[in-house]
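The values are calculated or read from the model by the stated rules, or taken from the named source; none is laboratory data. It should be emphasised that the depicted structure is a prediction, and the values quoted were computed from it without experimental measurement. Here Cβ is always computed from backbone atoms with ideal geometry, including for glycine, and neighbour counts include all displayed protein chains. All accessible areas refer to the heavy atoms of the entire protein, side chains included, with ligands and DNA or RNA removed. Shrake-Rupley method; radii C 1.70, N 1.55, O 1.52, S 1.80 Å.
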Amino acid sequence: MEGSLFLPDALSETAKEIDGLFYILTGIAVVIFLLVWMLLLIFLVRYRRKHPTKEGLRLYGNTRLEIIWTVIPALILVVLGIYSAQMVYALQKPPADAYEIQVTASKWKWEFTYPDGPNGGFTTLNDLRLPAGKPILFRITSKDVIHSFWVPELRIKMDAVPGRETRVWVKPLKEEGKFKVLCAEYCGTAHANMVSDALVMKEEHFGKWVASGGKEDPSGQPLDGKQLAQQFGCLACHAIDGRELAGPSWKASTAPSGSWLTAARSRWTTNT
């Protein structure tokens, strides 16, 4: 996992490119800021009034300087505009070999549908897996209200809109890494809990996981209780710390002895 100054870890080539643009923009802004303040201080000292009765110099402008400080910023904006526009359009045109994942948002969970695996495909809840080294195309939509598919480590954020499909693609790095998928658009009372685990896996491990229909971890072992609860979206409605969400909490002190809540909590802690 590769770190970035002031930014989350960059887990894709796309994230690196976006970080590069960010640092270019920041560098130019810092240089201009320092230049303006340096000139301001110089002028305050050099052209200060040295005597109460003395008038300041009458300045009538300088056409050459005015042209220079107008043309140079304009050229900078044009170059940056072209560069950033090319990057934006590139994110809308995935390569032909991109692996497609359907992302479906709803209150308050993420569904990820994979095109291959048992019976021609399968869906996971709040559990995103990506193969390292392959371009990934996300096809994003929503079942109810507007959500926003936000992955800081991939530097992507795309609205999930009911009745419409939006798309964005990334070029993952050839390494493993963990991160979170968040919703960046307020979508209701449990908006803050709309979080999904995500993992970049080695391609051979990803292949085994897909072949199992998402029922095995990368080592080939069955998923434990915690992973199953995350995969099937249980935590969108049930907290494990005593809080009341859409459903009752799984915390032991709030679950009557012998109830299904106790069984659920026991399954959560199995092998974890």
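Remarks
- Computed accessible area, Val161, all protein chains, 1.4 angstrom probe, square angstrom: 30 Å²
- Evaluated on the stretch 98-191, the Kirkwood hydrodynamic radius is 13.6 Å, with distances taken between all distinct Cα atoms.
- When each of Lys109/Lys202; Lys93/Lys215; Lys134/Lys180; Lys107/Lys134 is checked by Cα-Cα distance, pairs over 28 Å: Lys93/Lys215; Lys107/Lys134
- Solvent-accessible area of Asp97 with every protein chain in place, 1.4 Å probe, in Å² to the nearest 10: 100 Å²
- Modelled spin labels at Lys50 and Met38, positioned 7 Å past Cα toward Cβ, are 2.5 nm from each other.
- A Förster distance of 25 Å, applied to the separation of the beta-carbon atoms of Trp69 and Phe6, puts the FRET efficiency at 0.30.
- For the set Trp169, Trp150, Trp110, Trp69, solvent exposure ranked by accessible area (probe 1.4 Å, protein chains only) runs largest to smallest as Trp69, Trp150, Trp169, Trp110.
- In this structure, Val78 and Tyr186 have a Cβ-Cβ separation that, at R0 = 41 Å, corresponds to a calculated FRET efficiency of about 0.70.
- Solvent-accessible surface (1.4 Å probe) assigned to Tyr99 amounts to roughly 30 Å².
- Candidate residues Glu153, Glu204, Glu55, Glu100: accessible-area rank, largest first, probe 1.4 Å: Glu55, Glu204, Glu100, Glu153
- Radius ratio Rg over Rh of the stretch 1-113, counting only Cα atoms, Kirkwood formula for Rh: 1.24
- Where Met87, Met194 fall by accessible area, highest first, once all protein chains stay in place (1.4 Å): Met87, Met194
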